Amino acid sequence: MIDPPVDRPLSQRAFSANNSEDRLNDGGRFKLSEMAKKRYLLVSVGACSLLLAYLCGLQIGEFQNQNHAELYGVSQIPGVPPRPPRWPEWVDTPLQTYLGEAEQEEDGPLLLHQHTSPRERREIQKNIYKSRRCRMDTCFDFQRCERGFKIYVYPPQKGEAPSESYQKILAAIEESRFYTTDPNEACLFVLSIDTLDRDQLSAQYVHNVRARIQSLPLWYEGRNHLIFNLYSGTWPDYTEELGFDIGQAMLAKASTDMDNFRPHFDVSIPLFSKDHPQKGGEKGYLNLNNVPPLRKYLLVFKGKRYLTGIGSETRNALYHIHNGDDIILLTTCKHGKDWEKHKDARCDRDNEEYTK
């Protein structure tokens, strides 16, 4: 038999209902509390993000203002005069090429040093990069210059016959007010040994330069010495190997590779021929003083265009600025015995224009 339902008193039923109601209220309050916490957390994270973004913006603005002040000499302190502006430095900025992809392949690194053995390449790297960290504050003795800037030229050794171009350089120094015959007064030393042409196939190539330099009593690993060079290496590689160690000497060189150029220490000079005059014209030769000068031609160049090897990229790009009017750049591909093997689509036209 099934027992009949027990009829509970009203007070007991009321208590049970109230108890259930309290449990429902406690659960609702718990859910509301969790949602409020999440909202507060999201608001806090958003506020922190905005604060960080604001602080970063202030730092970036201050950094840009500081760079602008350093570059243009604007003073940030009241009453302090601004420093003179300094020029921006472009030494480390890569230069854009004018060549297309096909042309760049002809001048690519695979073709450089292709005629040198691995042993020769190691020797070249050793000599070129041995003192590449030299700067004025590490490889130059400023104490020698405290009494003034004087240049000492070593007297020529027995049997030395410098080239005509190097004689002009030495003569320009010896005729200047900076020249001294006393090495104790000298701030800078210049060799009498001709180092302009370091192409072993050239008739101007001087042998045994390494031994001659090491025998100089004031060499001191090249410190405070200046070495001149126009040509180095042999076609088609034209490496920057000079055949001797320059040590801590400064190098005044034409067509220097940017990877080997030591900023604020080495000197980049133009490539000039032996026919270049040592001095300008006679007094009164300059009749007009118009700037810019009233001339028909702004730029004129006529020479050989290297199809491969070092220097080919530069000369192959000359036709981009040739306009046939005030900029005349004439080049020929006829350089070397096997130039026809590397002949490109422009060679016939360039050769014809060159011979006119």
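The values are calculated or read from the model by the stated rules, or taken from the named source; none is laboratory data. Treat the numbers as computed from the prediction; the structure is a model and nothing was measured. Cβ atoms come from the backbone with ideal geometry, glycine included; neighbour counts cover every protein chain shown. Heads up: the accessible areas ignore ligands, DNA and RNA and are worked out on the full protein's heavy atoms, side chains in. Shrake-Rupley method; radii C 1.70, N 1.55, O 1.52, S 1.80 Å.
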Residue count for the range 132-167, restricted to those that are open to solvent by 40 Å² or more (accessible area, probe 1.4 Å), over 20 Å from TRP219 (Cα atoms) and part of a helix (DSSP H, G or I): 2
Identity of the residue in the range 116-131, within 27 Å of the chain's Cα centre (by Cα) and part of a loop (DSSP other than H, G, I, E, B), that ends up modelled with the highest pLDDT: SER131
Criterion: surrounded by fewer than 18 Cβ atoms within 10 Å (Cβ to Cβ) and at pLDDT 90 or above - qualifying residue of ALA249, ALA172: ALA172
Of all residues making up the range 221-246, the number that are open to solvent by 20 Å² or more (accessible area, probe 1.4 Å) and either among the acidic types (Asp, Glu) or not in a strand (DSSP E or B) (or both): 10
Contacts under 7 angstrom Cβ, first residue in the range 331-350 being in a loop (DSSP other than H, G, I, E, B), partner among the aliphatic types (A, V, I, L, M), 6 or more apart: CYS333/LEU307; ASP344/LEU307
Residue in the range 207-217 that is over 20 Å from TYR152 (Cβ atoms) and in contact with a helix residue (DSSP H, G or I) (Cβ under 8 Å, 6 or more places away or on another chain) present: no
Residues within the range 175-185 that are surrounded by 13 or more Cβ atoms within 10 Å (Cβ to Cβ) and in a loop (DSSP other than H, G, I, E, B), tallied: 1
Residues being of a type outside the set (Val, Ile, Thr) and surrounded by 14 or more Cβ atoms within 10 Å (Cβ to Cβ) - total across the range 186-211: 13
